[in-house]
1. Read phi for every residue in the range 197-204 and hand back ³J(HN,Hα) as whole Hz from Karplus 6.51 cos²θ - 1.76 cosθ + 1.60, θ = phi - 60°, with x for Gly and Pro.
2. What is the calculated FRET efficiency for VAL113 to VAL291, with r their C-beta to C-beta distance and R₀ = 41 Å, to the nearest 0.05?
3. Heavy atoms only, probe 1.4 angstrom, no DNA, RNA or ligands counted: give me HIS185, HIS115, HIS177, HIS193 ranked by accessible area, highest first.
4. Quote to one decimal, in nm, the extra length available between ASP10 and SER284 on full extension: 0.36 nm per residue of separation minus the C-alpha distance between them.
5. As an exercise, use a Förster radius of 35 Å and the Cβ-Cβ distance of ASN49 and VAL1 to find the FRET efficiency, rounded to the nearest 0.05.
6. So which GluC sites (Glu not before Pro) in the range 275-373 end up in coil per DSSP with only 11 or fewer other C-beta atoms within 10 Å?
7. Considering only protein heavy atoms and a probe of 1.4 Å, how much of the accessible area of the range 285-402 is carbon and sulfur, as a whole percent?
8. With every protein chain present, what is the per residue accessible area of the chain (1.4 Å probe, Å²)?
Amino acid sequence: VSLIPNSTFDTGISGWTISPLSTATGTLTFSPDDANGSPTSGSALLTKNPGVGLFEVQGCAENLLPGVYTFGGKIRYSSPGTSVAYLATATSNAPDCSNLTPLYFSAVPGDGVWHALPAGTGVPIGNDGGIGIKSMALQLTIDSDALGDPVQAYFDDVFLRPTQLSTLTVLGAASIHGRAGSFFHTDLWILNHSYTETITVTPRFRCFGIACGAVSLSPFWLAPREQRLFSDVVGNAFSSPEVAGTIELSWDPSLASISAWARTYSPTAPAPTNGTGIPALAPSESRARAVFIGLASNGGNLDAGFRSNVGVYNPSPTPANVTLLLSDDSENPLGTASHTLAGFEAFQFNDIFAAVGAGGTIAKQSTLVMTSNVPIFSFVTVIDNQTNDSSFLLPTDDEPAP
């Protein structure tokens, strides 16, 4: 179901108007040529007049509610020279699609046959992004540098609709230099499980500390069964050197499923490296209470032994009041630390033993209990002070104290 009226062009082109973002002229007419060959339906035929620029028409989705929106459709056109036909989206802070800001677009090959575009991820409306957006336009577009004959393209079964995206969360991603020549950086692998569907993945990085904000990449497509590697994903893809934090990968689960895996390691190849594998976590892996075992500390001496860092991430807009209780191997409390996570904030307690006031403790089997008023993601990294090798610890469910 599309939020744009008359998206299948069964009997005409009512509801579609020339976009104010057009920089060229043309016409919009109804064509009986239907993408599915139906004798009772048709398509929208755009004809762009000769000249440089883009001609586009649009339908408007008004009074949008908070959420994430996707778009797609079918296009048929023959490409003369440098022309291209595509679907585009634009957002507005007005309810009627005036004062538009262009957003994303998706194009098809110009080979004269119908092509179905994979759903493109739109903009988050409300919540942690796109606040103030009230409407969104779906635009049927021809863009050309051709000065000769008119250019034509057919559009059918277009849509703009809300979707409940699924999200995988990768904790402990980094691109940061540390002590003793270490360079902790993260490689990320993503796989599209489908054998038939191309899907759109939207990555977002949130570095430790709310002041860092979020860095979002433009959505990218994964072809059926495609696996993609992002080397030093934080420093390269997200252009965020000397920080660490959390990566979120969002996609439309109605099309396919994805899996992801990361490795954070030091130093840079081809030198021998030490590091740890990091799984991508489903939302169900967030917890309001959890326990970690095997935390270690060398009493503040970084020339031998181990150190332990604790990371937390709040995947919701609700503030999370996080408390950490560290105990020795006999369940004697060593101290507590706390932090209030804002919505979608990532944070790290460096050297948790020092953070709870037990910096002089030497241990290899301490226990940490995390509690929060809302479910959050949490992890522990235990690092060898001599080799910079690390172990990534995920929590397990814990019973409340009697």
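The values are calculated or read from the model by the stated rules, or taken from the named source; none is laboratory data. Worth saying up front: this structure is predicted, and the values here are computed from it rather than measured. Cβ: placed from backbone, ideal geometry, glycine included. Neighbour counts: every protein chain shown. Heads up: the accessible areas ignore ligands, DNA and RNA and are worked out on the full protein's heavy atoms, side chains in. Shrake-Rupley method; radii C 1.70, N 1.55, O 1.52, S 1.80 Å.
1. Working through the residues one at a time gives 9, 8, 10, 9, 10, 10, x, 9 Hz.
2. Approximately 0.10, to the nearest 0.05.
3. From most accessible down to least: HIS177, HIS193, HIS115, HIS185.
4. 94.4 nm
5. That gives a FRET efficiency of 0.55.
6. Filter output for the range 275-373: GLU331.
7. 50
8. Accessible area per residue, the chain: 43 Å².
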